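The values are calculated or read from the model by the stated rules, or taken from the named source; none is laboratory data. Since this is a predicted model, take the numbers as computed values, not measurements. Note: ideal-geometry Cβ built from the backbone for every residue, glycine included; neighbour counts use all protein chains shown.
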Amino acid sequence: MDGGKTIYAAVGAALLGFVAFAAIEGHHAVLRDDNYEQDDQGDRAAVARALTFTKVSLQQGLTASELEGQPISAKFELDRGTLQLSVHTSKGGRFSKVLVDYSTGSIAKVQPITEGDDLAGAQLQSAAMAKAKTSLKEAVEQAVKQAPNSRALSVVSELIDGRAVACVLLFLKNEQEFRTVDQEL
């Protein structure tokens, strides 16, 4: 019986270690924001198709959101089948989700971020932007220049080895594929 308990304990410890590793990797993927899920928010291919109806770029959305604070991340996303451009901002230790009208570039709605994963992500992104020497908009523009005929879908600021980096997800129109570009901030 003791041998059985030891096996169960070893299997349990291995399973717990795997779950912890998966959670850490999943958290990093969420921070990078380059893995649109295939749930009610839609996948990145659907977002890329929906971009054909937009007049505003991610860079223009970042500029518009500056009225509400420093942009720390932004993305085009599907929310219940509806395309939206959301930008997370930081101002005076508070965080907001700014919805930018993708047809006009004006701010449509501002919501405070006060709890959960959004708050935890915003805090990490704000810490990255505190070390940045350039804006997210400049990082996105540089990434787009590296990939002609591309469109930025999202950008997330993060710290990698103590350096501020913008992870930019691009849709390359000619190749009909996605590419993640890391830009120093």
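Output the helices (runs of 4 or more DSSP H) that fall wholly within the stretch 1-112 and possess 1 or more residues being closer than 25 Å to ASP182 by Cα, in contact with a Lys or Arg (Cβ under 8 Å, 6 or more places away or on another chain) and at pLDDT 90 or above, or say none. Lay out the reasoning, then the answer.
Values: elements: 2-32, 44-50, 58-65.
Answer list for the stretch 1-112: 58-65.
For GLU141, the conditions (1) within 21 Å of VAL165 (Cα to Cα); (2) without any contact (Cβ under 8 Å) to a residue 40 or more places away in the chain; (3) surrounded by fewer than 21 Cβ atoms within 10 Å (Cβ to Cβ) all hold with the exception of (2). Kindly indicate whether SER157 is hydroxyl-bearing (Ser, Thr, Tyr), closer than 14 Å to LEU62 by Cα and not in a loop (DSSP other than H, G, I, E, B). So SER157 fits the description; yes.
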